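Taking it in order: structure first as structure tokens, then the write-up.
The values are calculated or read from the model by the stated rules, or taken from the named source; none is laboratory data. Being a predicted model, the structure only gives us computed values, none of them experimental. Every residue, glycine as well, gets a Cβ built from its backbone with ideal geometry; the counts of neighbours run over all protein chains shown.
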Amino acid sequence: MSKDFDVCIRGDGIVGRTLALLLARQRLRVALVCDPARASATPDVRAYALNAASRNLLMQVRAWPQGAGVTAVSQMQVWGDSDGRLDFNPTDRPAEQASGDQAALAWIVDVPALEQALSEALRFAPEVELMASPDAAHAALTVVCEGRHSQSRRDFGVSWTIKPYDQKAVAARLHSDRPHAGVARQWFGQGEVLGLLPVDGADAHTLAMVWSVPQSRAQELQAMTPAALVAALQQVCGDQAGQLSLCSPVASWPLTLCSAQRWVGPGWALAGDAAHTVHPMAGQGLNLGLADVNKLAQVLQAREYWRSLGDEKLLRRYERARKADVLAMSAVTEGLHSLFAPSDSRLQALRNWGMKSVARSGPLKGWLTRRAMG
């Protein structure tokens, strides 16, 4: 026998849990449907780069991780495939934003730490009930937060456009012989993007690696011994991050650019990776998903008293507000991928000239920093 709720959220990942907490603050009755496919015995080596908007949102719902689960980024260093380089510092931001804890450029958050913080916050949200099946919940509005492989999206008849990049992200944790000092580093070159993100706190020696490479290269990397993998890695990054060693299993997943034709319909809405995915090179995937649910919660709270939560015209306000931002970020990541993927020497010269030009342009560099900060 089904129970009545105001909203049923399908998918209890980070985006789904955050939405549940936002709606609970509005005193809405929420069914949060757990996804059994998320359970895994393999250690999760992922880490997310969160901007100030995402941090403020998670603090609002009392789900911001504490301690070593979050690391402030004090500097971002980006290299091209020649002598092009960009450095982003807190001084690139407006003075009113570059003080105290807000002086960080971004925050690197461990996935398990963030999920645990959200679970703890849900313990104090009696309006939210965890459920094993959506069939047990009857609600005026269903929000799909099941990720890119969502079955509910297919059930609602939404077409899903997929552009494969013929790339995989290879991820692992590394130990350096020196503290990371909160510096995030990224290398573009030869069709690959390597990111080394500081984790485990300000004084730690641990780095989260995300290496976007062609699929054939990903298979080679995963087949290597730890010593061979680190040697291949240091060929790209040199000693910029210190002498490295592998300290976790190696994970990988395919990279795609995906988008749903429609985000809303009568009584339902999509959010997060169920609605869109982008290349991870800009580190904005989760930021986009959290911005989705924040806007959706605002739209629902501001609805006319006579409108149902599932009113399609109401939900289209959310779709219109978010689609433009997502399309803009998709265009940025697609453009970067197209620029750095080819190995043509003329393009190499052009893109590294561009990096140097941005480095010399204070206003443009500041604008890029503010965009990345959300």
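On the given criteria, is LEU174 modelled with pLDDT of 95 or more, surrounded by 18 or more Cβ atoms within 10 Å (Cβ to Cβ) and in a strand (DSSP E or B)? For LEU174, the condition - modelled with pLDDT of 95 or more, surrounded by 18 or more Cβ atoms within 10 Å (Cβ to Cβ) and in a strand (DSSP E or B) - is met. Taking the stretch 46-63 as the range and being crowded, with 21+ Cβ neighbours inside 10 Å and either out of contact with any Asp or Glu (no Cβ under 7 Å at 6 or more places or on another chain) or among the polar types (S, T, N, Q) (or both) as the test, the residues that pass are TYR48, ALA49, LEU50, ASN51, SER54, ARG55, LEU57, LEU58, VAL61, ALA63. Looking across the stretch 320-331, the residues that are buried (at least 20 other Cβ atoms within 10 Å of the Cβ) and under 14 Å from ALA271 (Cβ atoms) come down to ARG322, VAL326.
Only residues in the stretch 21-34 that are over 20 Å from LEU58 (Cβ atoms) count as the first member; pair them with residues that are of a type in the set (D, E, K, R), Cβ under 7 angstrom, at least 6 apart or cross-chain, and list the lot. Listed by first residue and then by second, the contacts come to ARG27/GLU127; ARG29/ASP6; ARG29/GLU127; ALA31/GLU129; VAL33/ARG10; VAL33/ASP12; CYS34/ASP12. Residue check: LEU300 meets all listed conditions (1) part of a helix (DSSP H, G or I); (2) touching a residue at least 12 places away in the same chain (Cβ under 8 Å); (3) surrounded by fewer than 23 Cβ atoms within 10 Å (Cβ to Cβ); (4) touching a strand residue (DSSP E or B) at 6+ places or on another chain (Cβ under 9 Å) but one, namely (3). The number of residues in the stretch 126-142 being in contact with a strand residue (DSSP E or B) (Cβ under 9 Å, 6 or more places away or on another chain), in a loop (DSSP other than H, G, I, E, B) and not charged (D, E, K, R) comes to 2. Only a single criterion out of (1) in contact (Cβ under 8 Å) with a residue 24 or more places away in the chain; (2) loosely packed, with under 13 Cβ neighbours inside 10 Å; (3) closer than 28 Å to CYS34 by Cα is not satisfied by HIS138, namely (2).
Screening LYS168 on (1) charged (D, E, K, R); (2) within 14 Å of GLY16 (Cβ to Cβ); (3) surrounded by fewer than 23 Cβ atoms within 10 Å (Cβ to Cβ) shows it passes everything except condition (2). Of all residues in the stretch 259-271, those that are within 24 Å of the chain's Cα centre (by Cα) and either surrounded by fewer than 18 Cβ atoms within 10 Å (Cβ to Cβ) or modelled with pLDDT of 95 or more (or both) total 8. Filter the stretch 193-218 for residues that are in contact (Cβ under 8 Å) with a residue 24 or more places away in the chain and assigned to a helix (DSSP H, G or I); which is surrounded by the fewest Cβ atoms within 10 Å (Cβ to Cβ)? That would be GLN215.
Selection of the stretch 198-231 for residues being among the aliphatic types (A, V, I, L, M) and in contact with a Phe, Trp or Tyr (Cβ under 9 Å, 6 or more places away or on another chain) yields ALA218, LEU221.
A quick yes/no check of all residues on (1) more than 26 Å from the chain's Cα centre (by Cα); (2) under 23 Å from VAL78 (Cβ atoms):
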| site | (1), (2) |
| --- | --- |
| GLN215 | no, no |
| MET224 | yes, no |
| LEU229 | no, yes |
| LEU233 | no, yes |
| VAL236 | no, yes |
| LEU246 | no, no |
| VAL250 | no, no |
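Among the conditions (1) more than 26 Å from ASP203 (Cα to Cα); (2) at pLDDT 90 or above; (3) among the acidic types (Asp, Glu), the only one that GLU96 does not satisfy is (2). Just one residue in the set GLY147, GLY157 is modelled with pLDDT of 90 or more, more than 19 Å from the chain's Cα centre (by Cα) and outside any helix (DSSP H, G or I); that residue is GLY157. Mind checking whether some residue in the stretch 278-288 is assigned to a strand (DSSP E or B) and touching a residue at least 60 places away in the same chain (Cβ under 8 Å)? For the stretch 278-288, residues assigned to a strand (DSSP E or B) and touching a residue at least 60 places away in the same chain (Cβ under 8 Å): absent.
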